[in-house]
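A short write-up of the structure that comes next.
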Amino acid sequence: MDMEQVLVRIPWLIVVAFVAFVAVGCGTSSPPPAAVDVATPEEAANTGSDASVPVVAATGRIPTPVLAINPQPALQSGQVHVTGKGFGPGESVSISVGKSADAGSERLALATAVASDDGSFSTDSATLTLPDELLSGAHPLDAIGQTSGRRGTATLWIRAPQPWLVLDSYDVPQYGDLGLVAGGFEPMDQVKVSLEPAAGTTGSAVSLVGLTTDQAGNAAWTQVKLPSLAAGTYSMVLRGQSNAAELRRDVHVTPLKPTVELSPWAGPPGVPVQFNARGFAPNEHIHVSVGGAVDTTGLQADEWGNLWGAGPIHIPQTASTGTLALNLVGDESNATSSAEFKVLDPKPWLELTSWSGAPGAPVGFGGGGWIGGEPVSIHIGSATNPAQASGTADDNGWLKVATPVYVPNDAEDTVIFVAVGERSHLVSAATFTVVLPFGLRPGQSQPPQVPQVKTGG
């Protein structure tokens, strides 16, 4: 090779060295890949070759081990075959499974397989019998090479041999919430859930919810609200659509047991009473009976079946002293609740707007303790005398008479005003003191003479 050929080769060698440097990476300790000698342009032209770019050998990335499980889903307590590849030649591979899908779940050792020269292990070397403690659902399965440390992962799906159902309670109140989880159906199936009247009772089925199963044939936890149903025993029916698998369980729909409070809980007859209650059906109308008689005032529950300051209803003016039962009945649910109101004796008193004054002075009246809403008449001297004015006690028994009564012009010393309740027939009195100006009494034109007392000598 003469000098001219050497000078032509030098640029191409520099290009090859630069490409090798980039392929390996700056500063890496790995040995550079071998460069393939390439012909010069003259040699290429002589040989007819198209090679003009050097070929670089790159190091390939080790693939992640891959696992395969058969069958999927596996039957609970049944057998599965596991195959894998991507492990070290001839190394032992440990296979384990989690008891649940949780990341921190306890793991169970299943088997140890031996990889072949190509880093794979076959189904025949890893036929596994699943422990009984592995329940239906998803379970993480790992295979770890004991020499290489390589790890392969997969999800083992386990199917229950028969349909199953778990409820958060088998006694559910009317209109209550019911939680359920079910499984053991076909994978990726649609399961219809309904309530049917128990044997010996009449009625039609009520659809509750549709469930979609996963790859293990299980459905997720579901919360449903019961529709309007009479209290009693029902059969909960789950039906799969793929193979008509069916499961039945008895469910008891218990009657609502609402609680009620009164405000006030005691008072004289005629007073208004309001209600606070919990536990009726949502938005239902509620009837009230007082002492067995139905009150025309209806109550309306809110969307949660509660009452807050509902009413009022009035205690009858004729109610006798003692305990009076107030009963509430839901129009839709037939739920009942009772509370007792303590009827107190009315104890009226009479007040005057002016307690003293001259004859002919106007006097107004007030007071309390009357039967709620009863009329009250005002008399002078005795309840048998003609009424001089009248008023009506309010719902709480407070009295205020709008029309005043004038003190008689011939009154002397005191005047007794008497108030009489029309419904209660109770009487209350108040005394007005007559004050005579200048000591004059009726019929006198001059004040009485006061004796003159001489003083001194």
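The values are calculated or read from the model by the stated rules, or taken from the named source; none is laboratory data. This is a predicted model, so every value here is computed, not measured. Neighbour counts run over all protein chains shown; Cβ positions are idealised from the backbone, glycine included. The accessibility values were calculated without ligands, DNA or RNA, using every heavy atom of the protein model including side chains. Shrake-Rupley method; radii C 1.70, N 1.55, O 1.52, S 1.80 Å.
Mind grabbing the accessible area of Thr129 for me, 1.4 Å probe, Å², rounded to tens?
The accessible area comes out at roughly 90 Å².
Could you tell me the accessible area of His139 in Å² (1.4 Å probe, neighbours in place), rounded to the nearest ten?
Approximately 10 Å² of His139 is accessible to the 1.4 Å probe.
Using only the Cα atoms of the stretch 242-368, construct the convex hull and provide its projected area averaged over every direction, in square nanometres to one decimal. Numbers along the way, then the final one.
Numbers: hull surface 49.7 nm².
Quarter of the Cα hull surface area: 12.4 nm².
Using a 1.4 Å probe and counting only protein heavy atoms, arrange Ser77, Ser424 so the residue with the most accessible area comes first.
Numbers: Ser77 50, Ser424 25 Å².
Solvent-accessible surface, decreasing: Ser77, Ser424.
Give the Rg/Rh ratio for the stretch 60-183, taking Rg as the radius of gyration of the Cα atoms and Rh as the Kirkwood radius, to two decimals.
Details: Rg = 18.4 Å, Rh = 16.0 Å.
Ratio value, two decimals: 1.15.
Give me the accessible area of Thr254, 1.4 Å probe, in Å² rounded to the nearest 10.
50 Å²
Ignoring any ligand, DNA or RNA, what whole percent of the accessible area of the stretch 64-191 comes from carbon and sulfur when the probe is 1.4 angstrom? Present the calculation step by step, with values, prior to reporting the outcome.
Details: 2930 of 5900 Å².
The C+S portion of the solvent-accessible surface of the stretch 64-191 is 50 percent.
Taking Lys347 as the anchor, which lysines have their alpha carbon closer than 23 Å to its alpha carbon, excluding any fewer than eight residues away along the same chain?
Those lysines meeting the cut-off are Lys400.
Could you list the square roots of 5 times each eigenvalue of the Cα gyration tensor of the stretch 123-269, that is, the equivalent ellipsoid semi-axes, sorted largest first and rounded to whole Å?
Values: eigenvalues 416, 87, 25 Å².
Values for the stretch 123-269, descending: 46, 21, 11 Å.
Roll a 1.4 Å probe over the protein chains and send me the accessible area per residue for the stretch 300-359 in Å². Mind dumping the intermediate values first?
Numbers: 3310 Å² over 60 residues.
Roughly 55 Å² per residue, with all protein chains present.
With a sphere of radius 15 Å drawn around the Cβ of Pro264, what net charge do the other residues whose Cβ falls strictly inside it have (Lys, Arg +1; Asp, Glu -1)? Can you show the working numbers first?
On the way: positive: Lys342; negative: Glu261, Glu340, Asp394, Asp395.
Net charge around Pro264: -3.
Would you mind computing Rg(Cα) / (2.2 N^0.38 Å) for the stretch 355-415, counting N as its residues? Walk me through the intermediate numbers first.
Values: Rg = 12.6 Å, N = 61, 2.2 N^0.38 = 10.5 Å.
For the stretch 355-415, the normalised Cα radius of gyration comes out at 1.20.
Provide the packing ranking of 298-311, 221-234, i.e. peptides ordered by the mean count of other C-beta atoms within 10 Å per residue, highest first.
Details: 298-311: 16.1, 221-234: 14.0.
For the peptides 298-311, 221-234, the packing ranking is 298-311, 221-234.
Please report the net charge: other residues with Cβ closer than 12 Å to the Cβ of Arg248, K and R +1, D and E -1. Walk me through the numbers before you get to the answer.
Numbers: positive: Arg239, Arg249; negative: Glu196, Glu246, Asp250.
It works out to a net charge of -1.
Could you sort Asp413, Asp118, Asp189, Asp214 by accessible area so the largest value comes first, with the probe set to 1.4 Å? Don't jump to the answer; show the numbers that get you there.
On the way: Asp413 90, Asp118 115, Asp189 5, Asp214 50 Å².
Correct descending sequence by accessible area is Asp118, Asp413, Asp214, Asp189.
By the scheme Lys and Arg +1, Asp and Glu -1, what is the net charge of all other residues having a beta-carbon under 9 Å from that of Val97? Write out the running numbers ahead of the final one.
Working: positive: Lys99, Arg107; negative: Asp142.
My count for the surroundings of Val97 gives +1.
Which of Trp265, Gly292, Thr254 sits farthest toward the positive end of the charge dipole of the stretch 229-326, with +1 on the Cβ of Lys and Arg and -1 on the Cβ of Asp and Glu?
Thr254
Which value, in Å², gives the accessible area per residue of the stretch 139-214 when a 1.4 Å probe is used on the protein heavy atoms? Don't skip to the answer; put the middle values down first.
On the way: 3420 Å² over 76 residues.
Per residue, the stretch 139-214 has an accessible area of 45 Å².
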